[in-house]
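Enquirer: Dropping the structure in here first, questions after.
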Amino acid sequence: MTISTADFRNGMALIIKDKPSVIIEFQHVKPGKGGAFVRTKIRDIRTGRVNDLTFRSGEKFEEIRMESKEMQYLYTDGEDYHFMDNGDYSQIALPADAVGEAAKWLKENDAVTLQYAGEELVGVEPPMFVELEVTETEPGFKGDTVQGGTKAATMETGAVVQVPMFVNNGDVLKIDTRDARYITRV
């Protein structure tokens, strides 16, 4: 199926210059003089390299079918991350570079979504909200909360999140994984 630049969406997978790629972001530009064009930031699925490309408005590309597969994160052995399909209980191991930034939000037994473009793994999406324990943070002092200040807290998975001053070691927090934002204490 061919897709025009007018139909671009973030996360769409296409064949661009004979390479499977995912659109990270795009912008339609209509200058006062000359034809319209589209600026894109794309990531090569195979290499992970991000490129900025510009296309004439109306150019066509072949779309790659995207699929999502719900899996359960089991554990990491230091090199690979192991996941299990809840349907047939088959397990797969993915290298750390394939998991990427999602690794800092993965907690054993959490449900995750693996994104595939055709047969190739595009990425791992952690749950939108996770509950993690604070392992290290500076103590808050009485009166610090008046100004609504924040401090850095290291979570049990190694992620660092800005939290309110009243949060202490051992607290369990609800975190939004999309922007590493503190939501509430649990």
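No value in this document is a laboratory result; all are computed from the given coordinates. Bear in mind that the values here come from a model prediction, so they are computed numbers and not experimental data. Reconstructed Cβ throughout: ideal geometry from the backbone, glycine too, with neighbour counts over all protein chains shown.
Enquirer: The range 53-186: D in µm²/s via Stokes-Einstein (Kirkwood Rh, Cα pairs, 4 °C, 1.567 mPa s)?
Expert: 76
Enquirer: For the range 55-186, build the charge dipole from Cβ charges (+1 Lys, Arg; -1 Asp, Glu) around the Cα centre, then report which of I64, G170, P139 sits farthest towards its positive end.
Expert: So the residue we want is P139.
Enquirer: Which of the listed residues, I24, T54, I42, is farthest toward the dipole's positive end in the range 2-63, when Lys, Arg count +1 and Asp, Glu count -1 at the beta-carbon?
Expert: T54
Enquirer: By how many nm would the segment from H28 to A93 lengthen if fully extended, with 0.36 nm per residue of separation less the alpha-carbon distance?
Expert: Computed gain between H28 and A93 is 19.5 nm.
Enquirer: Using the count of nearby Cβ atoms within 10 Å as a rough guide to exposure, how do D88, D110 rank from fewest to most?
Expert: Ordered from fewest to most neighbouring Cβ atoms within 10 Å, D88, D110 come out as D88, D110.
Enquirer: Let me ask something else. For the chain, what is the mean residue ellipticity at 222 nm derived from helices alone (per DSSP H run of n ≥ 4: -39500 (n - 2.57); sum divided by total residues; nearest 500 deg cm²/dmol)?
Expert: Computed ellipticity for the chain at 222 nm equals -500 deg cm²/dmol.
Enquirer: With 10 angstrom as the radius, rank K60, K30 by how many other C-beta atoms surround their C-beta, starting from the fewest.
Expert: Placing the least packed residue first, the sequence is K30, K60.
Enquirer: Just how large is the dipole of the range 22-152 about the Cα centre, in debye to the nearest 20, putting +1 at every Lys and Arg Cβ and -1 at every Asp and Glu Cβ?
Expert: For the range 22-152, the charge dipole is close to 1160 debye.
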